[in-house]
Amino acid sequence: MEFTHVVVLAGGLSYEREVSLRSGRRVTDALRTLDIPVELRDADANLLEFLATDPPDVVFPVLHGAMGEDGAIRDILELVGIPYIGARPDACRIAWDKPSAKSVVARAGVRTPASVALPKELFHDLGAAAVQDLIVTRLGLPLFVKPTRGGSALGASAVHKAEDLTAALVSCFAYGDAALVERYVEGTEIAVSVIDGPDGPRALPAVEIVTPNGRYDYTARYDAGDTEFVTPARLSPGAAEAATHAALTAHRALGLRDLSRTDLIVDAAGGVHFLEVNVAPGMTETSLLPRAVTAAGLSLGPLCESLLRRRFT
């Protein structure tokens, strides 16, 4: 069967709207090089009417942040009966919530930093200073603080001194109502993308992220500049194998499908630590999954087409 109408869904109203639009344009352009009839659509108030009057063969969601990764838009696609690329809604909901994802992956045997997840209200009700002192006493320093939900490192920061924890939490709560506070693991930051194929999930080469200030924040992720990406990552054979195993384990344990990206830290001893997983990886010119695709000797257009054909029956 040949495609007659493919939709790449991007945009939305999350903090990551502009990144999503950039991802959407890149996927759309990649598919057009293969003469696939594709259009880029925003996730706006006209979406339901559009899907009802001109239903596509298949939808490729590249929505980042809320709605795009929390399963909501996929619930809508399930309701209207249109096939789509990516994880099912129930799997998205677990992966989207970082503490839940950490628990599932840890039960599957993958190491993850010790952490605590606390809502903003708790700091108010019990006293911010007392709760922060307890966190530092229990987890030690340094720490890493980020919203329990969300991506692109928005609201995320490292804490090396106890007196900096308040500012980190304030920044975190600007992007969400709950904070995940983890024990900071020093090491090499890598990302391992997983793509489903006819023989099951396949891990692509790990991408190593090297930033001048050691912070892979929003600017470092999406503005071409001083951030260095090394693919394949400079890991020992044992660490590389462990990273591949961790990403594949996370993909399977969380019930993901088609594609995912797992973020990991490799410590000085070669130990691999799971941080989080992304069910709608970025597809921009600086994103990690496309870099891994190139390192694997693949091209983005044919890869996206193969994913579309898995859902187009």
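Within segment 116-131, the set of residues being touching a strand residue (DSSP E or B) at 6+ places or on another chain (Cβ under 9 Å) and open to solvent by less than 40 Å² (accessible area, probe 1.4 Å) comprises LEU118, PHE123, VAL131. Within segment 241-249, one or more residues are farther than 19 Å from GLY197 by Cα and touching a residue at least 40 places away in the same chain (Cβ under 8 Å).
The single residue among LYS102, LYS98 that is crowded, with 18+ Cβ neighbours inside 10 Å and under 14 Å from GLY176 (Cα atoms) turns out to be LYS98.
Collect the residues in segment 86-137 that are in a loop (DSSP other than H, G, I, E, B), at negative phi, in contact with an Asp or Glu (Cβ under 9 Å, 6 or more places away or on another chain) and not polar (S, T, N, Q), keeping them in residue-number order. Those that are in a loop (DSSP other than H, G, I, E, B), at negative phi, in contact with an Asp or Glu (Cβ under 9 Å, 6 or more places away or on another chain) and not polar (S, T, N, Q): ALA87, ARG88, ASP97, PRO113, ALA114. Taken over segment 158-175, the criterion of being open to solvent by less than 20 Å² (accessible area, probe 1.4 Å) and under 22 Å from TYR15 (Cβ atoms) is satisfied by VAL159, ALA168, LEU169, CYS172. Restricting attention to segment 6-15 and to residues that are open to solvent by 10 Å² or more (accessible area, probe 1.4 Å) and not aliphatic (A, V, I, L, M), the residue that is nearest to ILE85 (Cα to Cα) turns out to be SER14.
Within segment 12-22, the residues that satisfy the criterion of being under 20 Å from LEU300 (Cα atoms) and in contact with a Leu (Cβ under 9 Å, 6 or more places away or on another chain) are SER20, LEU21. As a summary of the residue check, PRO113 satisfies the conditions (1) within 16 Å of the chain's Cα centre (by Cα); (2) open to solvent by less than 50 Å² (accessible area, probe 1.4 Å) except for the one numbered (1). Residues in segment 141-157 that are open to solvent by 20 Å² or more (accessible area, probe 1.4 Å) and at pLDDT 95 or above were compared, and the one that is farthest from ALA191 (Cα to Cα) is LEU141.
Residues checked against (1) on the phi > 0 side of the Ramachandran plot; (2) within 15 Å of the chain's Cα centre (by Cα); (3) not basic (Lys, Arg):
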| residue | (1), (2), (3) |
| --- | --- |
| ALA247 | no, yes, yes |
| ARG252 | no, no, no |
| ASP258 | yes, yes, yes |
| PHE274 | no, yes, yes |
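Out of (1) more than 17 Å from SER260 (Cβ to Cβ); (2) at pLDDT 95 or above; (3) open to solvent by 30 Å² or more (accessible area, probe 1.4 Å), what's the single condition that is false for ASP90? With (1) more than 17 Å from SER260 (Cβ to Cβ); (2) at pLDDT 95 or above; (3) open to solvent by 30 Å² or more (accessible area, probe 1.4 Å) applied to ASP90, the lone miss is (1).
For the structure I just gave you, tell me whether VAL62 is at negative phi, surrounded by fewer than 17 Cβ atoms within 10 Å (Cβ to Cβ) and at pLDDT 95 or above. Considered against the rule, which asks whether it is at negative phi, surrounded by fewer than 17 Cβ atoms within 10 Å (Cβ to Cβ) and at pLDDT 95 or above, VAL62 comes out as no. If I filter segment 216-230 for residues that are farther than 21 Å from SER157 by Cβ and modelled with pLDDT of 95 or more, do I get at least one hit? Yes: one or more hits.
The values are calculated or read from the model by the stated rules, or taken from the named source; none is laboratory data. Computed from a predicted model, the values in this text were never measured in an experiment. Note that each Cβ is placed from the backbone with ideal geometry, even for glycine, and that neighbours are counted across all protein chains shown. With ligands, DNA and RNA removed, areas are computed over all heavy atoms of the protein, side chains included. Shrake-Rupley method; radii C 1.70, N 1.55, O 1.52, S 1.80 Å.
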